[in-house]
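Working notes, beginning with the structure itself.
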Amino acid sequence: MPFEENSLEFILMIFVLSAIDPSQHDHVIKNLVKYLKPGRGKLLFRDYGLYDMAQLRFKNDKCIEKNLYARSDGTLTYFFQQDQLDELFTRNGLIKEQNLIDRRLQVNRSRQLKMYRIWLQCKYIKA
């Protein structure tokens, strides 16, 4: 890594963890946390929430396991729950500052299409 452990103020994860196999989530978070400054380094997170429109549009043959899907290009997409993320982050040395569900209705007026989006947005601080 081009920087030392305990040296970063922020790590920004926007739609990153959902593309990684869930069996590796603990490993990924544990490796990231060691680069945050103790007591003030923050992990800023935004990703797909359970039952987001993207999840509901997947066909059954794209489901690998519960809440994990394969896109046509082979990339993974996982859909998170709030309590699941809280458990993941806290067991890896982070303290919750914020863990929110962002629900939005997006409308494509030209196609008269309503899209119900669900994202999770979190801020956690290194203990």
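The values are calculated or read from the model by the stated rules, or taken from the named source; none is laboratory data. A quick note: this is a predicted structure, and the numbers were derived from the prediction, not measured. Ideal geometry is used to build each Cβ from the backbone, glycine not excepted, and the neighbour counts take in all protein chains shown.
In this structure, is residue 53 touching a helix residue (DSSP H, G or I) at 6+ places or on another chain (Cβ under 9 Å) and surrounded by 13 or more Cβ atoms within 10 Å (Cβ to Cβ)?
Answer is no for this residue.
Kindly indicate whether residue 123 is surrounded by 13 or more Cβ atoms within 10 Å (Cβ to Cβ) and under 18 Å from residue 14 (Cβ atoms).
Yes.
If I ask for residues that are without any contact (Cβ under 8 Å) to a residue 40 or more places away in the chain, part of a loop (DSSP other than H, G, I, E, B) and closer than 22 Å to residue 45 by Cβ, which ones from the stretch 68-89 would you list?
Within the stretch 68-89, 71, 81 qualify.
Yes or no: the stretch 112-127 includes at least one residue that is more than 24 Å from residue 51 (Cβ to Cβ) and at pLDDT below 95. Steps first, answer last, please.
Quick first cut of the stretch 112-127, residues more than 24 Å from residue 51 (Cβ to Cβ) only: 125-127.
Then keep just the ones that are at pLDDT below 95; that gives 127.
Yes, the stretch 112-127 contains at least one residue that is more than 24 Å from residue 51 (Cβ to Cβ) and at pLDDT below 95.
Just wondering, is there one or more residues in the stretch 90-101 that are in a strand (DSSP E or B), within 30 Å of residue 38 (Cα to Cα), out of contact with any Leu (no Cβ under 9 Å at 6 or more places or on another chain) and of a type in the set (Val, Ile, Thr)?
yes
Of the conditions (1) exposed (fewer than 14 other Cβ atoms within 10 Å of the Cβ); (2) touching a Gly at 6+ places or on another chain (Cβ under 9 Å), residue 1 satisfies every one except a single condition; which number is it?
If we test residue 1 against (1) exposed (fewer than 14 other Cβ atoms within 10 Å of the Cβ); (2) touching a Gly at 6+ places or on another chain (Cβ under 9 Å), just (2) comes out false.
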